[in-house]
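I have placed the structure first, in the form of structure tokens, so that the comments after it can refer back to it.
Laboratory data are not the source of any read-out in this text; all were calculated from the coordinates shown. A quick note: this is a predicted structure, and the numbers were derived from the prediction, not measured. Every residue, glycine as well, gets a Cβ built from its backbone with ideal geometry; the counts of neighbours run over all protein chains shown.
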Amino acid sequence: MPAIHELADGTPPTRRRHVDLLRAVAITAVVVGHWLVMTVEQDPAGNLTGFTALKYMPSMHGITWIFQVMPLFFLVGGFSNAISWTRHRDRGGTAARWLLDRSARLFPPVTLLLVVVAAGAVLASVVGIPQDVVAPAVALVTLPLWFLVVYLGVIALTPAMYKLHERFGLAVPGVLILSVVIGDVLRLTTGVDTWAFGNFVFAWLAIHQIGFAWQDGSLGLTPRRAVIALLGAVILLVVLTGPGPYPVSMVSVPGLAIQNPSPPTVALMALAITQIAVAVLVAASTERWLQRRRPWSAVIAANTVVLTVYLWHMVAALVAAVALDAAGLLPPSDAGSAAWWLGRIPWLVALSIVLAALVALVGRTETRTVAHRLGGARPSSPDGTSEGRVARVARSVPGLTSLPVVAGCYAAAVLGMYLLASAGQGMHGPFGVPTGALVLILSAAATLRFARAAESPRGTGPAQHRPEAQRQPGSRPDGSTQAPTRRDGD
């Protein structure tokens with residue numbers, strides 16, 4: 001892979017660097033937020049158990065307004081997917097091929113995590129570790145996968161949703177947000193949460209669509225309008241969580257009657273609007289700052305492993321907790337006390353060290369794909385190699401790269417992720433996670449990998465396609481652009 005400084009020096013001048021910064025900031029906030037409130041202690045049997053400090057510290061619920069950054073992920077995702085899809089489409093590419101390209105970045109890191117978790121659960125059973133110890137560990141380390149349930153679905157819908165964006169513009173997220181409001185009204189008036197389950201789709205699709213509008217300039221949020229939107233959203237958020245029916249916490253807290261993110265509420269949409277407004281307001285200044293080599297190199301480095309960091313940060317928490325407990329250095333667990341707060345410092349440091357080691361160990365699964373897409377190519381594979389034979393076999397399978405097959409793989413993966421995320425704690429079969437969910441996800445990933453091999457240029461590896469750079473005219477006052485600069489898959 002090219003060195004980070006080489007990638008920094010080779011960045012096209014028209015690239016919207018602030019969007020990459022938002023992605024890096026968001027993943028950092030998620031990781032630090034999870035680690036900060038995670039508290040570990042020994043139960044009466046001497047086994048490690050964990051809980052969120054937010055349950056016992058209502059005064060900290062307001063801090064979740066900073067650390068709940070899922071809206072930023074979907075905003076940036078919409079921005080990036082708009083660039084990638086329109087460039088691909090304008091070159092004559094198909095939706096199936098675009099989805100295959102996107103899968104090359106997303107599926108390998110997920111597959112690796114699931115294989116390691118499944119193998120670890122089997123090994124734990126073999127060596128005699130009790131299931132009531134293994135089950136919570138598996139539930140903890142697979143917790144980040146819930147995000148992919150929706151995000152994979154949003155990516156699969158991008159070609160169709162972008163067509164709606166081009167025809168109806170901001171009316172699309174407007175209708176989606178209205179659907180969230182209706183779902184919430186029905187839930188609050190009937191007391192039946194099922195009425196709001198559609199919000200899992202409506203809310204995140206709405207933010208993703210706003211990312212489309214930000215990218216092509218149709219969002220229309222000038223700095224003045226962004227300030228008005230920010231103030232209005234903050235006032236609405238205070239009203240909804242004060243005298244209104246929603247809790248202050250923007251993340252799930254055990255025991256609360258309503259959980260703002262599950263399913264997403266109107267209050268969470270108000271928070272999303274504040275984040276969108278802030279993103280627009282800081283775009284110009286952060287863009288200037290990121291013209292400097294050092295901060296831009298740091299942003300590039302973070303983005304090459306962003307998915308790995310997200311997927312493995314709970315594994316780091318588990319490993320560090322076990323190590324600290326074995327060394328007798330586990331921080332105090334009396335949430336909210338002075339000792340607990342002081343213990344957060346070594347706790348965060350220890351988890352950061354373990355996560356850095358894990359990323360160094362498994363991060364190549366992600367960075368290898370990023371390198372290929374940014375121009376780092378591995379040697380061509382002659383047709384006589386095993387890779388060449390796989391590609392030849394893949395090309396002989398009729399319909400393998402068709403949209404029904406590719407979309408079906410995404411649907412299978414989304415279903416598998418949902419079954420896994422909703423299974424709850426407990427040993428769900430020999431692999432710790434539901435066997436059916438594991439089979440669905442791994443089968444979908446393998447089929448997509450096989451399909452990518454069929455689409456690869458003849459005589460090369462599956463990731464050798466290197467799209468040319470495309471220039472774009474200048475940016476708009478709100479930090480958006482009129483045409484894409486990124487390479488497919490960025």
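Computed values, structure above
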read-out: Among 192-202, 72-82, 394-404, the order from most to least packed when residues are scored by Cβ within 10 Å on average; value: 72-82, 192-202, 394-404
read-out: Listed residues P430, A301, A350: farthest to the positive end of the dipole of the chain (Cβ charges); value: A301
read-out: Shape call, the stretch 275-367: gyration tensor on alpha carbons, a/c limit 1.5; value: oblate
read-out: Highest average packing first - 253-265, 162-174, Cβ atoms within 10 Å; value: 253-265, 162-174
read-out: Size descriptor, Kirkwood hydrodynamic radius, that averages inverse alpha-carbon separations across the stretch 192-239, Å; value: 12.7 Å
read-out: Selection from G328, V248, V19, by position along the positive dipole direction of the chain (Cβ); value: V19
read-out: For the chain, the spread of Cα positions along each principal axis, largest first, Å; value: 62, 60, 48
read-out: Rel. contact order, % - alpha carbon contacts under 8 angstrom, at least six apart, the chain; value: 28 percent
read-out: Dipole of the chain, positive end: most advanced residue of L114, G128, G62 [Cβ charges, Cα centre]; value: L114
read-out: 13 Å beta-carbon shell around I27, net charge (K/R +1, D/E -1); value: -1
read-out: For the stretch 1-62: rounded, prolate or oblate by the Cα gyration tensor [a/c cutoff 1.5]; value: oblate
read-out: For the stretch 74-90, Karplus couplings with θ = phi - 60° (6.51, -1.76, 1.60), whole Hz, Gly/Pro x; value: 6, 5, 5, x, x, 4, 5, 5, 4, 5, 4, 5, 5, 5, 5, 5, 5
read-out: Overall form of the stretch 175-329 per C-alpha gyration tensor (a/c, 1.5; a/b vs b/c); value: oblate
read-out: Residue-count net charge about F107 - beta-carbon cut-off 10 Å; Lys, Arg +1, Asp, Glu -1; value: +4
read-out: Most to least packed among 222-235, 405-418 [average Cβ atoms within 10 Å]; value: 405-418, 222-235
read-out: Given charges at beta-carbon only (K, R positive; D, E negative), |dipole| of the chain in Debye; value: 1720 debye
read-out: Spherically averaged projected area of the stretch 210-301 from its Cα convex hull (nm²); value: 8.0 nm²
read-out: Charge context of M161, other residues only, Cβ under 15 angstrom, K/R +1, D/E -1; value: +2
